[in-house]
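Have a look at the structure below before the remarks.
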Amino acid sequence: MPTHGQRLIASAGITVEIEDHDFPDPSPNQMLVRVTRSQVSAGSEMNGIRAIQNQPDVRRPIGYATVGYVEKLGLGVADYREGDRVLCFGNHATHCLVSLTTTDGGDWQSQPDRVPDGITDEQAAFGVLGDVALHGVRRGTLQLDESVAVFGAGTVGQLTIQFARISGTYPIVAVDLVPSRLDKARLSGATHVVDASQGNPVEGVRAATGGRGAEAVFHCSANPKLLQTTLEAAADRGTIVLSGSAPGTAEIGLQVELLRRELTIVGNYETGLLEPHPYWRWTRRRNRRATFRLIASGQLKVDHLLTHIVSPARAQEMYRMIAAGGSDWLTVTFAWD
């Protein structure tokens, strides 16, 4: 019989409310997860919410990363047991119906991963954005002592800084408009910070890199217009990795910045990486498990990024805070227990 619970629903005007909902029993190759924590994505998830803010007839569930315990199993589920703790893509809700097939949902299927002992539910929720940041670092092919600049010190930017540190890069320059985020960037491992509200960020990056610019620049901001700035901050033959979920379009200089300086622009979206390919073995599952292992070992620190662990009753307040832009928040997590 269906399981009664609740979920968050978004509608026009950045309106988010709790709705009662009956979650069906799992079909074959599905399982029902009782959610304890769900983490908001300030990138992809907020882009979806903004897309309906002027559509008064649209109401839809929202979500991104969820952590919880397997409550019911459908027929054919062999790799999980009731009581297993898992991370998966899912809506902000008391329960999440998880599909284990490769045909349901395409690249945005549930993609569950068992959470190991030694990390909390809040820490485990970073497995999804950790996967995003780690894939960007892999795409950037970082080398020991390579100079790095990270534009945008939100959650993905903070995780990118840490993966760059673990990779042995130096210096690591964090660029943001919010001083508190720069303070946290130092805790994440940035060797230099640039307050873009106080001066030219390109000059700041060049000063920190001996005048050359950064050999690898990560665009971790939701602002597409920042792309031109990242090109200017890059060293000759440098690489710019687009790890932020910046919507819309950007205008860049082709002749002077991109062509003459032989720069490379790399996208980061992980399309088609549910299974390893001969040319790319780093799947989302492998990245998440690396994230879990590094959190458990203390090499990847995420507790200082947890600025809001709140009841879903405060969802409206949280989403409007995020929509307003950067301030003293980084990661919003809803507690469903």
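The alpha-carbon positions of the chain define a convex hull whose volume is 137 Å³ per residue.
So how do 96, 220, 88 line up by other beta-carbon neighbours within 10 Å, fewest first? Provide the component values of the computation, followed by the final result.
Details: 96 28, 220 33, 88 23.
The most exposed by this proxy come first: 88, 96, 220.
Considering every alpha-carbon pair of the stretch 1-105, the percent of pairs per 5 Å bin, from zero through the bin containing the longest distance, is 2, 13, 21, 22, 18, 13, 7, 3, 1. For the chain, what is the relative contact order in percent, using Cα pairs closer than 8 Å and at least 6 residues apart in sequence? 17 percent.
Relative contact order for the stretch 128-267: what is it in percent, counting Cα pairs under 8 Å that are at least 6 residues apart?
Here the relative contact order equals 22 percent.
For the stretch 128-267, pairs of C-alpha atoms spaced more than 25 angstrom apart make up 14 percent of the total. Taking the stretch 1-107, which chymotrypsin sites (Phe, Trp or Tyr not before Pro) meet the DSSP loop condition and have no more than 16 other C-beta atoms within 10 Å? Of the chymotrypsin sites (Phe, Trp or Tyr not before Pro), the ones in loops of the stretch 1-107 whose Cβ has at most 16 other Cβ atoms within 10 Å are 80. Two tests apply to each whole DSSP H helix in the chain, Cα reach of 15 Å or more along its axis and mean Kyte-Doolittle hydropathy of at least -1.0, and the ones passing both are 126-139, 155-166.
In the stretch 44-174, the C-alpha radius of gyration followed by the widest Cα-Cα span (Dmax) gives 17.8, 53 angstrom.
When the Gaussian network model of the chain links Cα atoms closer than 10 Å, the mean-square fluctuations of 154, 136, 83 top out at 83. With the simple model of a label 7 Å out from the Cα in the direction of the Cβ, residue 54 to residue 323 spans 1.4 nm.
Bear in mind that the values in this text are calculations on the coordinates, not laboratory data. A quick note: this is a predicted structure, and the numbers were derived from the prediction, not measured. We place every Cβ from the backbone using ideal geometry, glycine too, and count neighbours over all the protein chains shown.
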